Every structure is written in structure tokens, then in C-alpha cells.
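**Student:** Please read through the structure below; I'll follow up with questions.
Throughout, read-outs are computed from the coordinates displayed, never taken from laboratory work. Computed from a predicted model, the values in this text were never measured in an experiment. Quick reminder, even Gly has a Cβ in these numbers, built from the backbone with ideal geometry, and neighbours come from all protein chains shown.
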Amino acid sequence: MADPEYESVLCVKPEVHVYRVPPRASNRGYRAAEWQLDQPAWSGRLRITSKGKIAFIKLEDKNSGELFAQAPVDQFPSIAVEGVTDSSRYFVIRIEDESGRRAFIGVGFVDRGDAFDFNVAIQDHFKWVKQQCELAKQAQNPDQGPKLDLGFKEGQTIKLNIANMKKKEGAAVSSKLRPAGPGGLSLLPPPPGGRSALIPPPGEQLPSLPVNSQPTSATNTDAALPWPQPGGATAAASADIWGDFAKASGSAAAQNQQSTGWVQF
């Protein structure tokens, strides 16, 4: 079941005058100067409403709102609403009663702006009606509507500038290969399979290892050496292995005793 059509108000003007229109003798149009403008037949309020596609021009009493006459307008421009040839403030409308009888009367506005609003309100309504009809046709026949052509025309080309993209990618790769050290300095990665060099504290030097104790192969020989034990051949072997480490430790202990002045028992 379709929704019932509701009536909406398009325009309201508080003051309008109604005039008797003499029969038109020719097709040259209406002239407001022939209406006896100083003697209006009726004065009241004008209200324009719409119900569906039809607009209604209603003439109502200012105080009670009682309907004096109404003019249904089913299309615009048409003979239902016509302007006069000698003024922009006067119009001729075709009123109709419940029994279907019709008559032409003249309406005039005191303010020229009210006449402009009256004309625009009717035009806007029928613009909306036209748009609704076009949307309904497109909904019924979607294939007949205009189609958007996104294809390339013959001989048409496009140009892409990727030079900046290559520079950005190269900068990103170089930044990954050089990790930043403390203070923002770039450090080179260690060589594959090598050992990191030990850095002595300030003021000290690392003891040099004997040439014979350095491994000659890639295998770890430190794990195969026995832990030095006191006394015996093992102690002598360990002394040869450690080399200058024992001398350095002994000299350091002797220097410590001389500097403190104490004798160890």
C-alpha cells in the first residue's frame, strides 16, 4: 500500500488583493491597468501548498483562515497562472470550486518582493516534480541512463614520474644497512665469522697472548684445554699457556703491597 500524500506549505503572504478580470478580447495578454486597481473585490491572505505533483494557490481570510477560493496548478507555465504584460506585481489565476466550475481572477501584491516569492515558489515546486519524474524513469530503466566512459581515447597517454620514488627507496635501504650507534654515529656491521675486538679501559693495555696459544683453525680450541690445576705438569703447562697473564698479575700484587706498606702473611 502506497503512503498517503501529505500537504506541504510552500509560501505564505499575509496581504493580497483580488480583482475582477474582464474577458480577454485577443491573445495579446492581460493588462492590470484595466482592472480598477483602486477597488479590489476582496483582500486577504495567500497561501501556496503542494500535494503530490499539484500545487494549490489558496486565498484565505486573514483572521479566521476560511477559504475564499483556490486555484489548482498541475503544470507550469500554463493558463492556470499567468503574469500580466504591464506589471510584475499582478497575476491572473484560474480558480476552481468543488463542482468543477472555473473562473479567472486577478491577484495583486502590495510589495514587489512578495510577487517575486510567489512566482519562485511555483517554479521551484515544478522543478522538483520534473526531477522526481526523471529519477523514476531511471529507476525503471537503469540501462538507458548515461554511462561514464573511463577508457582511454585513441592516442591518449598518461605519464608517471617515479624518479622521486626510486630516490626514497634507495635512501631507505641505505639507512637499514647502516645502524646508528650512540650519539647518532653510523657503525659498520662486524665481519662474518670474526670475533669482536676487546677495547681496554682507559689507561690500561691488554696483555699480548703467545703466538703458540692462538688457534690456527676455525674450531674453538679453548674448550679442549684443561683447566689449570696447582702443581705437576699441568701447572707447568698452564703457566706456558697463560704466559704473561701470571706475570702481570704477580707484578700487580707486588706493586699493591709496596704502595700500601703492608706485608701479607
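**Student:** Could you give me the radius of gyration and the Dmax of the stretch 1-108, taking only the C-alpha atoms into account and expressing both in angstrom?
**Tutor:** 14.6, 52
**Student:** Which GluC sites (Glu not before Pro) in the stretch 1-99 pass both tests, a DSSP loop state and at most 15 other beta-carbon atoms within 10 Å?
**Tutor:** Listed in order of number, the matching sites are Glu5, Glu66, Glu98.
**Student:** With a cut-off of 8 Å between alpha carbons and a minimum separation of six or more residues, what is the relative contact order of the stretch 34-97 in percent?
**Tutor:** 21 percent
**Student:** I'd like the trypsin sites (Lys or Arg not before Pro) in the stretch 36-116 restricted to DSSP loop residues with at most 16 other Cβ atoms within 10 Å, sorted by number.
**Tutor:** Values: sites: Arg45, Arg47, Lys51, Lys53, Lys58, Lys62, Arg89, Arg94, Arg101, Arg102, Arg112; in loops: Lys53, Lys62, Arg89, Arg101.
Loop-located and lightly packed - Lys53, Lys62, Arg101.
**Student:** On the Cα set of the stretch 13-65, report Rg and Dmax in Å, please.
**Tutor:** Reported Rg and Dmax, both Å: 14.0, 39.
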